[in-house]
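Note sheet for the following structure.
No lab work stands behind these numbers, since they all come straight from the coordinates. Source: prediction; values computed, not measured. Note that each Cβ is placed from the backbone with ideal geometry, even for glycine, and that neighbours are counted across all protein chains shown.
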Ligand SMILES: [Zn+2]
């Protein structure tokens, strides 16, 4: 299946200048960009005149099924929100519920221009099934640390983790990659984290973890490990493998070199950090130090959506206000965080840019709207003016999964009705 997107405005990558031209996709790969030979045989031709074509967005930290808890527990402290409301409601979710709620998250992500996400949640097998069926790309983390049913504290379920890895790593024509989830240093303990980190290393996998998100996490870490969460993670072997570290809000000067040395990709989640009152991650500082900062939505219980355009907009604004420096985080850097950096961190170096040889994960944004007129600077327009609903067409791995805002392979109405039923059951106190 070959697709030709004709005569459009192309944003090849966050730090590259826009170009006018066409994009030819052969199978799942971008074959030509800019000039396309006249004899390129396309099965589908899209007139790109009113569009901006850019790499699909990469949501580098989310909990995709959590849309079911949207607006359930707002305006609470972090501990009241997590331990008082969210964890008790999550305990009621069945494996099938997680599958259906994940479909909702995927529909929402595709409709807001996300083509790849890094996920952390319960029942990861059902999430993998939803990813495989819907055509999206994902890095799925499997959490091997669990409570021993015989009451012997925490154990690491190595066997199940190996089974999940064998079955899903590289599955769905390479659209799925797997890693090891260690939720955080505060939920587990030294022996279980050391063992899980060793397992990731042995299996050649990365780790997905929450790190340095809140003041209460810092206090708990000091009590448990006598150091900060970043220092604990480093000492327990987490940084020996590529690590997706969600949040990294509370960083000291001496922790930045640890992130740099350890191939750690901090995932900035501005909505979640603002909503839970956790503060401002030092994003500009980290980027200037050469750290691979990416962008995530976190789950819809702390956001309350999975809309990366909103995260780009917030990221581009809040640090300027907080530092009183309007030059600290330009739109191009924000775009790079939301595309290339996220793709790299999620283990998909073959996406995140539009260039010949890269996999065809791209979005077409309809710029023929009053709030986008005129387009004086395409990059600034994408970060500061475009809304998620302006995404018209989404292609993942060479396949069109949304066109004219219609999802091609998902029944939105059915999914929403089913998630409504689940919410009626699990969200009751
Ligand atoms: Zn999270």
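Below are the figures for this structure:
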read-out	value
Average Cα contact separation per residue, the range 1-137, under 8 Å, 6 or more apart, as relative contact order %	23
Residue among 373, 101, 116 with the largest mean-square fluctuation in a Gaussian network model of the chain, springs linking Cα atoms under 10 Å	373
61, 183 arranged by Cβ crowding within 10 Å, fewest neighbours leading	183, 61
Share, in percent, of DSSP beta bridges within the chain that are antiparallel, nearest 5	45
Relative packing of 281-293, 259-271, which averages over residues the other C-beta atoms within 10 Å, highest first	259-271, 281-293
The range 1-78 and the range 126-192: distance between their alpha carbon centers, rounded to Å	29
222 nm mean residue ellipticity, helices alone, for the chain (DSSP H n ≥ 4; -39,500 (n - 2.57); rounded to 500)	-9000 deg cm²/dmol
Prolate/oblate/rounded label for the range 268-375 (Cα gyration tensor, a/c 1.5)	rounded
Likely footprinting exposure, 203, 76, fewest C-beta neighbours within 10 Å first	76, 203
Sequence ranges 168-180, 39-51, 314-326, ranked by mean other-Cβ count within 10 angstrom, highest first	168-180, 314-326, 39-51
Mean separation of Cα contacts under 8 Å (6+ apart) over length of the range 196-238, as relative contact order %	38
Ranked 97, 366, 79, criterion: other C-beta atoms within 10 Å, fewest first	79, 366, 97
Length-normalised contact order for the chain - Cα pairs under 8 Å, 6+ apart - percent	23
Distance between modelled label sites at residue 20 and residue 412, nm, 7 Å Cα→Cβ extension	3.3
Beta bridges per DSSP with both ends in the range 107-207, % antiparallel, nearest 5	20
